[in-house]
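**Student:** Once you've had a glance at the structure underneath, I'll fire off some questions.
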Amino acid sequence: MSYCLTPGCFSPVNPDNAKFCLSCGSLLLLKNRYRPMQLIGQGGFGKTFLAIDEGMPDRDRCVVKQLYLQSRNTLVVKKAVQLFRQEAERLIELGKHPQIPSLLAHFEQQKQLYLVQEFIPGKTLDKELQEQGLFNESQIWELLKDLVPVLKFIHDQRVIHRDIKPANIIRRQTDGKLVLIDFGVAKLITDSALFRTGTAVGTAEYVAPEQMKGKALPASDLYSLGVTCIHLLTGMSPFDLTDIANNTWVWQDFLPKGSSVSDRLSKILDKLIKPAVNQRYQSVGDVLQAMTSLPPTPPKIQPVSPVTNNLFTNIFRRYTAKPQGDKLISEVGVDYTKLQHLLAAGKWKEANQETWVVMCLAVGKSTNAYLQLSDIEKLPEDDLQTIDRLWVKYSQGRFGFSVQTYIFHSVNDDYGRFCATVGWPSHHTNNSYLKFSLSAPAGHLPSRCWISGSQWWRHGAVMAAKLSKS
């Protein structure tokens, strides 16, 4: 079906292929492209719809948010639109993180403001709670390890989410990663001096006391994260997990019979949900430091000398022992001589750039064009092997796609841990973090400067799969 978004329409549901609303006559497509199909959420700031992007060949699903403009004052509305555009630009930056939905478009149409965001297939944590039952301690640790770095990225951008709760956390179907949703531009606009009505932003059960009074801080997000955890552990409304008379949390009294939570986790959760801000964790960095007391996890690969590291020595020997030796094989006629000379001279920065050039040539793209995941699949096997072999050989087994693949698998295909191991930030950013030296962590080069697309972070898994076939 098609859904009419004109305010006041008495019968908004229309046939799939309708161009105009049968009830009010309004055009159904937004920007002549996005077709709202189903209402999936509604609140004080607007409505959320599942939609189809008819501008894409596969008619991809997306999420459309219609934001309310509640003032009739022309100057106020003009300022609100200006703020909307500014905050939408911030959402674009946030969407560069792999665990935050990408913002696909933002615009004004028929005096309404709209956001179009990436659709995340999967289930929210409140849905998981309903279907699978209470979370255990191990699942809460995984939640914290997955989401706390996302919050660090958000807060580093000087943004506060302000509505963290199970319904705003989706476990992505494709990789099991937790994705934080519902960064409402409307909340930021409505909470501005232009629209302030004294209404607190957020969901009451999860909101920190200071946020209820209109003062949101980074520590407010941490409070909501802690309350989310104790709700998932107990299944109880957070309102029922407090001793009102003493103004204290008693969530451990509501754990399932026969179950318990370790002192380590209890201590972290209790500090996350302290009512007084000065008794709570003040920053994500404080939480990350507290989490270092986690039970041991599989050790990360440390940057050590390839001479003393059997793994990289073996990769080095395997490649240099191959029958093709120094032959620069290409299925499509790419000349790898320049890359070979740069690597032989230890010019890692120039070699990193040249790698981007030859990969583009190998898939038939112009020099330094960004590659998509589908382009990795198109890389001829001989060419990929040649590029990788050169990197492995001249770094003595320290750099190369095959080294990165081994590291990726050693951390159970966890992209965040992979990035931490090779010395990359988990989010897309400029290349200022790169170190063009053999003292850089193993697998640090070649870099990912060539990758782009809405799911760019999957390049590690796609490249690993490609190499396993070759």
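**Student:** Under a cut-off of 19 Å between alpha-carbon atoms, report the lysines in cross-link reach of K274, not counting same-chain residues fewer than 8 places apart.
**Tutor:** Straight-line reach from K274, under 19 Å: K165, K213, K215.
**Student:** If you split all Cα-Cα distances of the range 67-164 into 5 Å bins from zero, what percentages do you get per bin, shortest first?
**Tutor:** The calculated distribution, bin by bin, is 2, 10, 16, 18, 17, 13, 10, 7, 4, 2, 0.
**Student:** Pop a pseudo-label 7 angstrom from the Cα along the beta-carbon direction at both T74 and T6 and give the gap in nm to one decimal.
**Tutor:** In this crude label model, T74 to T6 measures out at 2.4 nm.
**Student:** Which semi-axes, in whole Å and largest first, does the equivalent ellipsoid of the range 310-469 have when worked out from the alpha carbon gyration tensor as the square roots of 5 times its eigenvalues?
**Tutor:** Values: eigenvalues 86, 71, 49 Å².
One finds semi-axes of 21, 19, 16 Å for the range 310-469.
**Student:** Taking 35 Å as R0, compute the FRET efficiency from the Cβ-Cβ separation of A204 and C449 and round it to 0.05. Intermediate values should be presented prior to the final figure.
**Tutor:** Details: r = 45 Å, r/R0 = 1.29.
Efficiency, from the Cβ-Cβ distance: 0.20.
**Student:** Residues in the range 139-169, backbone N under 18 Å from the label point at Q252 (7 Å along the Cα-to-beta-carbon vector): list them, ranges by number please.
**Tutor:** Residues 140-141 fall inside that zone.
**Student:** Taking neighbour Cβ counts within 10 Å as the exposure measure, how do K65, K145, K378 sort from fewest upward?
**Tutor:** In order of increasing Cβ crowding within 10 Å: K378, K145, K65.
**Student:** Further question on the same structure: Of Q289, Q38, M359, which is farthest on the positive side of the dipole of the chain, counting Cα position, with +1 on Lys and Arg Cβ, -1 on Asp and Glu Cβ, and the Cα centre as origin?
**Tutor:** Final value for the positive-end residue is M359.
**Student:** Hey, got the dipole for the chain? About the Cα centre, +1 on K and R Cβ, -1 on D and E Cβ, debye to the nearest 20?
**Tutor:** That gives a dipole near 800 debye.
**Student:** Quick one: if the Förster radius is 51 Å, what FRET efficiency do K123 and K338 give, using the C-beta to C-beta distance and rounding to 0.05?
**Tutor:** Computed FRET efficiency for K123 and K338: 0.55.
**Student:** If you fit an axis through the alpha-carbon atoms of helix 310-320 and take the longest principal axis of the Cα set of the chain, what angle between them do you get, 0 to 90°, nearest 10?
**Tutor:** Compared with the principal axis, the helix lies near 60 degrees.
**Student:** Could you point to the label whose value was computed as percent of Cα pairs over 28 Å apart for the structure here, given [x] 60; [y] 74; [z] 54?
**Tutor:** [x]
**Student:** Fewest Cβ neighbours within 10 Å first, please rank T248, T203, T6, T367 accordingly.
**Tutor:** Ranked by crowding around the Cβ, least crowded first: T367, T248, T6, T203.
**Student:** Can you flag which of K31/K378; K96/K466; K47/K378; K78/K145; K365/K393; K79/K145 are past 32 Å Cα-Cα? Before the final figure, lay out each step's value.
**Tutor:** Values: K31/K378 34 Å; K96/K466 25 Å; K47/K378 41 Å; K78/K145 42 Å; K365/K393 27 Å; K79/K145 39 Å.
Over 32 Å Cα-Cα: K31/K378; K47/K378; K78/K145; K79/K145.
FYI, it's all coordinate maths here, none of it is from the lab. No experiment lies behind these values; they were computed from the predicted model shown. Here Cβ is always computed from backbone atoms with ideal geometry, including for glycine, and neighbour counts include all displayed protein chains.
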